[in-house]
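Everything on this sheet refers to the single structure shown next.
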Amino acid sequence: MTAAIRAEQLAVTIDKATLLHPTDLSVEPGSWLSIIGPNGAGKSTLLRALVGAARSKGTVTVNGVDMASMKRTERARTLAWVPQVPIIPTGFRVIDYVLLGRTPHRHPLAAERPEDLAVVQDVLIDLDLGDFADREVASLSGGERQRVIIARALAQQAPILLLDEPTTALDLGHQQEVLLLLDRLRNHGQTIISTMHDLSLAGHFADRLVLLAAGRVVADGSAADVLTEQNMAEYYNADVTVTHNNGTVTVMPRIAPRIPRTNPS
């Protein structure tokens, strides 16, 4: 089976600092890969290099095609990208911003088609944004804005979706909503590559985890293989309890008993 996306000796160096050491990575079509690791491990750098948003060495192939040879429109029809800090033009309404995701599917000078509007409306409903369509993006809260950014990527209907911390700033309910939507997309054949801080959620939803530390892949496999107390201690410097229940792996910090406050006499 041809990999949906494959990296060979992918590396990123900025100002003589190596942010990502030469890395080989292959992601099967219709699977969900979650990249985890402590702060500064290189998670966002790897994701940006995979999508071509970071200057890198090595090669990335998409469905067997060298990404460097792909035209911008072809790349946008194949890869949808949700960065941590996107650039959002001022004055854009939510519906107009999400419609930007349909740009690869129509002529640059053509107006949006009924099918484009239908896709956008469906995405807005899926992400609980229907009532925000005419609001300016800048007027939204951080969590609402995050959902709008994800909506634009989903509107591209690209077979490969890359998301950098997609649940950042989302409340618990909308975290579940977004992750369940991504899960449905994966079950319908879309390839998902994400970075996530919440290890239990990453392990629950992703088919495979890649653990990065200091710009290197140090573990790669199932949640049970990667989310071990030893790995958490070694690479996160964290004292945790890892439990397994019906295939679900949960990572919880060990918290010392709370010392009761005493009133000064």
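The values are calculated or read from the model by the stated rules, or taken from the named source; none is laboratory data. Keep in mind it's a predicted model, so treat the numbers as computed, not measured. Here Cβ is always computed from backbone atoms with ideal geometry, including for glycine, and neighbour counts include all displayed protein chains.
Below are the figures for this structure:
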quantity: Meets criteria (in contact (Cβ under 8 Å) with a residue 12 or more places away in the chain, within 29 Å of Gln230 (Cβ to Cβ), assigned by TED's automatic domain parsing to the domain that holds Arg186 and among the β-branched types (Val, Ile, Thr)) for Ile35; calculated: yes
quantity: Residue check, His197 assigned to a loop (DSSP other than H, G, I, E, B), under 22 Å from Ser31 (Cα atoms) and not hydrophobic (A, V, I, L, M, F, W, C); calculated: yes
quantity: Verdict on Thr45 being under 26 Å from Gly221 (Cβ atoms) and part of a strand (DSSP E or B); calculated: no
quantity: Residues within the stretch 166-192 that are within 12 Å of Gly143 (Cβ to Cβ), outside any loop (DSSP other than H, G, I, E, B) and of a type in the set (A, V, I, L, M), tallied; calculated: 2
quantity: Residue ID - surrounded by the fewest Cβ atoms within 10 Å (Cβ to Cβ), chosen from residues in the stretch 211-265 that are among the hydroxyl-bearing types (Ser, Thr, Tyr) and outside any strand (DSSP E or B); calculated: Ser265
